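Engineer: Before I ask anything, here is the structure I am working with.
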Amino acid sequence: MPSHRNNVYLLLSVACMAGYIWLYFAYAATPDTSGPFAEVCIIKHATNIPCPSCGATRSALALLHGDFLDSLYWNPMGILLLIILLATPAWVLYDLCAKKTTLQKFYFNTESFLQQKSVAIPAIILLVGNWFWNIYKGL
């Protein structure tokens, strides 16, 4: 197992574990999509302006409660976050058991894909649009 692969898999595994721990405490402490764990954005508390990812925790919580439309309202990035949190550990386990590097290849291919101007510019526009949507909603 190359150490480069281990670094990618360790990084993704630790990030997923942190996400699971965060969602566990947020879900346990929050019977709905509000509460102490749902609003902890440092940027928002410092500037009173929501960041582009504000509402992602509330979005993931809404999805866990089965409310897809509420999840979209809070932040569409929360849906993507939850998909990544669900898929990554299974993919890491598959690669480790099968002694393959499919996740690592996907990770680096995605990184290269997102660096292309024809992809990066629309992605940035979507991110900025989401940011303005968060500001408009008054998250």
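The values are calculated or read from the model by the stated rules, or taken from the named source; none is laboratory data. Just so we're clear, the structure is a prediction, and the values are computed from it rather than from any experiment. FYI the Cβ positions are ideal-geometry reconstructions off the backbone, even for glycines, and counts take in every protein chain you see. Calculation scope for accessible area: heavy atoms of the full protein, side chains included, ligands and nucleic acids excluded. Shrake-Rupley method; radii C 1.70, N 1.55, O 1.52, S 1.80 Å.
Engineer: For segment 59-106, just run the numbers: alpha carbon Rg, then divide by 2.2 N^0.38 Å, N being how many residues it has.
Structural biologist: Dividing the Cα Rg of segment 59-106 by 2.2 N^0.38 Å gives 1.45.
Engineer: What does the helix-only formula give at 222 nm for the chain: each DSSP H stretch with n ≥ 4 adding -39500 (n - 2.57), the total divided by the residues, and the result rounded to the nearest 500 deg cm²/dmol?
Structural biologist: Taken over the chain, the calculation gives -24500 deg cm²/dmol.
Engineer: Between residue 128 and residue 102, 0.36 nm times their residue separation minus their Cα-Cα distance comes to what?
Structural biologist: On the way: separation 26, 0.36 × 26 = 9.36 nm, distance 3.11 nm.
Separation in residues times 0.36 nm, less the Cα-Cα distance, equals 6.2 nm.
Engineer: Carbon-plus-sulfur fraction of the accessible area of the chain, 1.4 Å probe, in percent?
Structural biologist: C and S fraction of accessible area: 73 percent.
Engineer: Using a Cα-Cα cut-off of under 28 Å, which lysines could be cross-linked to residue 137, ignoring same-chain neighbours fewer than 8 residues away?
Structural biologist: Partners within reach: 44.
Engineer: Mind checking the per residue accessible area of segment 57-139 for me, 1.4 Å probe, whole number of Å²? Please report the intermediate quantities before stating the final value.
Structural biologist: Values: 5430 Å² over 83 residues.
For segment 57-139, the solvent-accessible area averages 65 Å² per residue.
Engineer: If I model a spin label at residue 67 and residue 29 as a point 7 Å from the Cα along the Cα→Cβ vector, what separation in nanometres do I get?
Structural biologist: The modelled label-to-label distance comes out at 1.9 nm.
Engineer: Need the list of lysines near residue 100 for cross-linking: C-alpha distance under 28 angstrom, and skip anything on the same chain fewer than eight residues off.
Structural biologist: Within reach: none.
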